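Student: Here's a structure for you.
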Amino acid sequence: MHPAIISLAVIFALPVLAQGTLTGHVREPSGFGVVGVEIRLEDRAEVSALTDASGAFRVTGLRPGPIRLAARRMGFRPGTVDAVIIDGASVDVLIAVELAPVPLEEVRVTERRQPFDSRLAGFNMRRQMKVGTFITRERIDASSSTSFSDLLGGVPGVHLVSSNAFRNAVRFRGQNCPPLVFIDGFAAGAGEFDVDFIDPASVEGIEIYMSMLTVPAELAAPRGMTSCGVIAVWSRPFRPAPRTKKPMSSTDLQRLVAQRSVFTAAEVDTAAHALPGTFVPIYPDSLWRAGVDGDAVVEFVVDALGRVDPQFIVVVSSPHPAFLESVRDGLVRAKFEPAVRGGRRVRQLVRLPVKFAHPAP
């Protein structure tokens, strides 16, 4: 017999080992799945799988025998699990991971949004008194302004000037300092405020008081913070903002960090943090009435101007989509003090836990 034919016969005589499949879930301490976790076999450098939105993963084509899996994700301590692959069988495993220490404290949400008419009662009452200048939703719709600064620029006595941080800083007639900005009744922080992070489409009404003497008691602030006037902004009823861009994935964010176009809290000199009163997620009414509590964890990028682009908001874990939408809406409206690295403002990846809990009776 020809040698080549003998070799071929030997090859075909070798037993073919069946291959197994491994499925599983990665869960955090609250029991919810974690998205974007890299699943690797202990003896392989490449990623074998990534968990989906529910924390599930699937690895196929495994040789029979014992294996060890490692689960890794930024913001979590690594988790491992041992399993035995059986010929032609599917094995299911559970990998537990723990949250690593986070630079931001957990945000606790205990209140739902007040009824719309009640929330704007003060705005409508002061508008009838005609003490300040008022911009209504009807006026915004009739305006051709595409930015908040353009909207204010059409008000007599309001001037737009350039500052070190913003192209359009707001000043009132006779003032050389910025007015104090309120958003839904909460002061957005002292100092310069970038009003262009506010989308005019999300605004129901605006109050403008150019003198401390005309500022109503409801919008008063301590230590002369209203001495340069006040701008009070009232948002429209809750509704998720339309998304015109494809959202990032957890892997995309980690790639930005690896490319050093975005930094983590451990890599900056001063970490990004929300200005007081600007991040106010609202308890979804349906879940409030149903008595549903829950914890959501999100990752997002704060840019060098202290803003959060909806494209860069990624869910890590959430028990219900409505909780996530509330957090997402709150982040888009929020204002952050940006991170500083080497004396300049930089983009930072932030991981934030948010707890939705009914107040104790």
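Student: When the distances between all Cα atoms of segment 17-99 are binned every 5 Å from zero, what whole-number percent does each bin get?
Tutor: Per 5 Å bin, starting at 0, the Cα pair percentages come out as 3, 16, 30, 25, 15, 8, 3, 1.
Student: To continue, here is another question. Rank by packing, highest mean first: peptides 296-304, 21-29, 123-131, with packing defined as the count of other Cβ atoms within 10 Å averaged across residues.
Tutor: Working: 296-304: 23.1, 21-29: 19.9, 123-131: 13.0.
Ranking, from highest mean packing down: 296-304, 21-29, 123-131.
Student: Another question, if that's okay. Would you kindly state how much longer the chain becomes between residue 141 and residue 42 on full extension, computed as 0.36 nm times their sequence separation minus their alpha carbon distance, in nm to one decimal? Don't skip to the end; give the middle numbers.
Tutor: Numbers: separation 99, 0.36 × 99 = 35.64 nm, distance 5.91 nm.
That works out to 29.7 nm of additional length.
Student: Quick one, can you get me the convex hull of the C-alpha atoms of segment 214-361 expressed as volume per residue in Å³?
Tutor: Measuring per residue, one finds 171 Å³ for the Cα hull of segment 214-361.
Student: Across segment 297-303, in residue order, what do the Karplus-derived ³J(HN,Hα) couplings come to in whole Hz, using 6.51 cos²θ - 1.76 cosθ + 1.60 with θ = phi - 60° and x for Gly and Pro?
Tutor: 10, 10, 10, 7, 10, 8, 7
Student: Let me ask another. For segment 153-158, what does the Karplus curve 6.51 cos²θ - 1.76 cosθ + 1.60, with θ = phi - 60°, yield as ³J(HN,Hα) per residue in whole Hz, taken in order and with x for Gly and Pro?
Tutor: x, x, 8, x, x, 9
Student: Between residue 220 and residue 176, what is the label-to-label distance in nm when each label sits 7 Å out along the Cα-to-Cβ direction?
Tutor: 2.9
Quick note: the coordinates plus some simple rules give every number you see, no bench work behind them. Since the structure is predicted, the reported quantities are computational estimates derived from the model, not experimental observations. Virtual Cβ from ideal backbone geometry, glycine too; neighbours counted across all protein chains shown.
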